[in-house]
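The values are calculated or read from the model by the stated rules, or taken from the named source; none is laboratory data. What you are looking at is a predicted structure, and each value in this text was computed from that prediction instead of being measured. Heads up, the Cβs are rebuilt from the backbone with ideal geometry, glycines too, and the neighbour counts pull from every protein chain shown. To get the accessible areas, we keep the full protein, side chains included, count just its heavy atoms, and leave off ligands, DNA and RNA. Shrake-Rupley method; radii C 1.70, N 1.55, O 1.52, S 1.80 Å.
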Amino acid sequence: MLTIYSRRQCSLCQQAKQLLNNNNVPYRELIIEEDISRDDVIAKFPGKKMLPIIENDGILIDGYQQLVSFVNQTK
């Protein structure tokens with residue numbers, strides 16, 4: 001299952017979730033500083049500076065275009 005690490009006011013996070021919702025792809029969302037601490041996210045994904053951070057069963061999906069490719073492959 002996909003996991004999205006996001007923030008409430010993140011427009012790219014909203015776009016990623018909308019893409020998944022439009023294509024009926026299930027995911028869980030972890031909101032940074034609500035569901036998971038910022039420090040835990042930094043420790044889990046060292047070097048990642050942009051949101052959203054998306055992983056599929058522990059494998060990082062890096063960037064919106066890669067998410068689009070992933071969604072297209074799951075159809």
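Can you give the FRET efficiency to the nearest 0.05 for residue 74 and residue 9, using r as the Cβ-Cβ distance and R₀ = 30 Å? Walk me through the intermediate numbers first.
Working: r = 28 Å, r/R0 = 0.93.
So, using R0 = 30 Å, E works out to roughly 0.60.
Where both residues lie in the chain, what percent of DSSP beta bridges are antiparallel, nearest 5? It would help to have the intermediate numbers written out before the result.
Values: 7 of 13 bridges.
In the chain, approximately 55 percent of DSSP beta bridges are antiparallel ones.
Taking a 1.4 Å probe, which of 3, 74 shows the most accessible area, and what order do the others take after it?
Numbers: 3 10, 74 75 Å².
The ranking, largest first, comes out as 74, 3.
May I ask for the net charge around residue 48, where only other residues with Cβ less than 15 Å from the Cβ of residue 48 are counted and Lys, Arg are +1 while Asp, Glu are -1? Could you put the intermediate results ahead of the total?
Numbers: positive: 7, 38, 44, 49; negative: 39, 40, 55, 62.
Taking every Cβ under 15 Å from that of residue 48, the sum is 0.
Using just the C-alpha positions of the range 1-51 as equal point scatterers, what log10 of I(q)/I(0) does the Debye formula give at each q in 0.13, 0.20, 0.22, 0.29 1/Å?
For the range 1-51, the Cα-only Debye profile gives -0.31, -0.71, -0.84, -1.20.
Find, among the GluC sites (Glu not before Pro) in the chain, those assigned to loop by DSSP (not H, G, I, E, B) with at most 12 other beta-carbon atoms within 10 angstrom. Provide the component values of the computation, followed by the final result.
Values: sites: 29, 33, 34, 55; in loops: 33, 34.
Passing both the DSSP loop test and the Cβ count: 33, 34.
Could I have the simple spin-label model distance between residue 56 and residue 42, label points 7 Å from Cα toward Cβ, reported in nm to one decimal?
3.0 nm
What whole-number value in Å² describes the accessible area per residue of the chain for a 1.4 Å probe? Working shown, then result.
Working: 4890 Å² over 75 residues.
Result: 65 Å² of accessible area for each residue.
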